[in-house]
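Please read the structure below before turning to the comments.
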Amino acid sequence: MNTKNLRIGILTFHKSINYGSVLQAYALSKTLKDAGYSVEIIDYEPQRYEEIYSLYLKNNSLHHVLSNVLKRFPYRVAYKNRVNAFKNFRQTYLPLSKEKYFFDSDLEVLNDRYDVLIVGSDQVWNVFAYDCDDAYFLPISHKAKKIAYAVSINNATFTERRCDDRLRSLIMDFDAVSSREKSGCQRLSGFLNGSKEIINTLDPTLLADPKVFESIKSARIVKEPYIFLYSISFSDDVIASARSLSQRTGMPVYTLMTSLKSYNYLQHNSDKIYILKNHLSPEDFLSFISNAEYVVTNSFHGTAFSLLFEKQFYSICPNKVDGTKKYDERLYSILTHLGIEDRLISMDEVNISDLSKKIDYNNVNTKKEDLVANSRKFLYDAIEV
């Protein structure tokens, strides 16, 4: 069989209302399509997604009623616009399967529809993630080839209750497994008692050619030089870091509302920070990062796209009680790979950082090219061998 005629199905968090999730799904499908493969993203939507991404709480307790009225109702217009922006992106750019799936028991038919099934990337194997369920471990018979690409387990230790012999057996049934973080490789290998090789590979957003994203980003939205602040869960540390950089550079800070939690936080902590309420699409997100002078983030994909667009950026990690830094393993892994772990800093370090010290992207890109080559080799070998 000509391997380019193989039918490939990708199972990932493409329905998440999260910039990194939909853009990594797009990146992996585009990378495989550009390599000549026939690719679809399996349109799987667990029923509990309705609960996860519902604006209003269903329980009629007094606490929930007050939360719906005081916190959630004011967010309704922005939330609706955000949901629609993501829906439009999926319909425009993601090669979705015609069939929709709602239960892991529905997935057995995938063996008849695809020659290769790829799970990943994103936190599909993070057993703490709301989105994670058994479907992402492919609990179906082994006819189509099973590949896990750059799966992230984040902070899961794989000693959790659900990480039992059944889960171990499901992972062992994969033909090839790679993880996005070094720590993920180590924990998965330990969970499998060293009986399967786990390869460290890049997130699809860094695997793709930057032109893939340049071609779909929105036109420049903010005309003046600015700092872009991107966070999934805003904290005092990341807000203070952006303000500190603003004071030192004289540039304004712009940010996006990324969730109900961020909306409520920013209502009370947005002094001197401009909230972009009318530009919420993934294409807008790409524009905001690519046109920023600086990026301040505590997000993995905020960091990934800063790297991709060659931005000067700071990835913020909080301080522990004893004053040491609390590293995010996802950020630490990629920045260490690229030799710029000094960009993972605390709020206090932003205040004293040397702004004249720029990231040497010639050096970074040389290292990234090697990582891209190794990641593509794993992916294509896993598909074809």
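The values are calculated or read from the model by the stated rules, or taken from the named source; none is laboratory data. All of these numbers come straight from a predicted model, not from anything done at the bench. Heads up, the Cβs are rebuilt from the backbone with ideal geometry, glycines too, and the neighbour counts pull from every protein chain shown.
Summary of computed values
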| read-out | value |
| --- | --- |
| Ser152 being of a type outside the set (Val, Ile, Thr) and over 22 Å from Tyr114 (Cβ atoms) | yes |
| Residue, farthest from Gln123 (Cα to Cα), within the range 10-34, restricted to residues that are hydroxyl-bearing (Ser, Thr, Tyr) and not in a loop (DSSP other than H, G, I, E, B) | Thr31 |
| Condition met for Arg113 (crowded, with 18+ Cβ neighbours inside 10 Å, within 21 Å of Leu379 (Cα to Cα), in contact with a Lys or Arg (Cβ under 9 Å, 6 or more places away or on another chain) and among the basic types (Lys, Arg)) | no |
| Which listed residue, of Val364, Val296, is β-branched (Val, Ile, Thr) and outside the structural domain of Val238 (by TED's automatic domain parsing) | Val364 |
| Which numbered condition Ala208 fails, given (1) closer than 23 Å to Ile383 by Cβ; (2) touching a strand residue (DSSP E or B) at 6+ places or on another chain (Cβ under 7 Å) | (2) |
| Elements of type strands (runs of 3 or more DSSP E) contained in the range 271-385, each with 1 or more residues being more than 30 Å from Ala144 (Cβ to Cβ) and without any contact (Cβ under 8 Å) to a residue 24 or more places away in the chain | 273-276 |
| Checking Tyr79 against (1) of a type outside the set (Lys, Arg); (2) in a helix (DSSP H, G or I); (3) modelled with pLDDT of 80 or more; (4) surrounded by 12 or more Cβ atoms within 10 Å (Cβ to Cβ), the condition it does not meet | (3) |
| Within the range 108-205, strands (runs of 3 or more DSSP E) holding 3 or more residues that are within 15 Å of Ile42 (Cα to Cα) and among the hydrophobic types (A, V, I, L, M, F, W, C) | 116-119 |
| Boolean, Ile216 is within 27 Å of Asn365 (Cβ to Cβ), surrounded by fewer than 23 Cβ atoms within 10 Å (Cβ to Cβ) and modelled with pLDDT under 90 | no |
| The range 298-314 - residue that is touching a Ser or Thr at 6+ places or on another chain (Cβ under 6 Å) and modelled with pLDDT of 95 or more and, of those, farthest from Asp236 (Cα to Cα) | Phe309 |
| Candidate set from the range 291-316 (those that are in contact with a strand residue (DSSP E or B) (Cβ under 6 Å, 6 or more places away or on another chain) and hydrophobic (A, V, I, L, M, F, W, C)); member that is farthest from Lys211 (Cα to Cα) | Val296 |
| Hits in the range 136-160 - residues which are more than 23 Å from the chain's Cα centre (by Cα) and of a type in the set (S, T, N, Q) | Ser141, Thr159 |
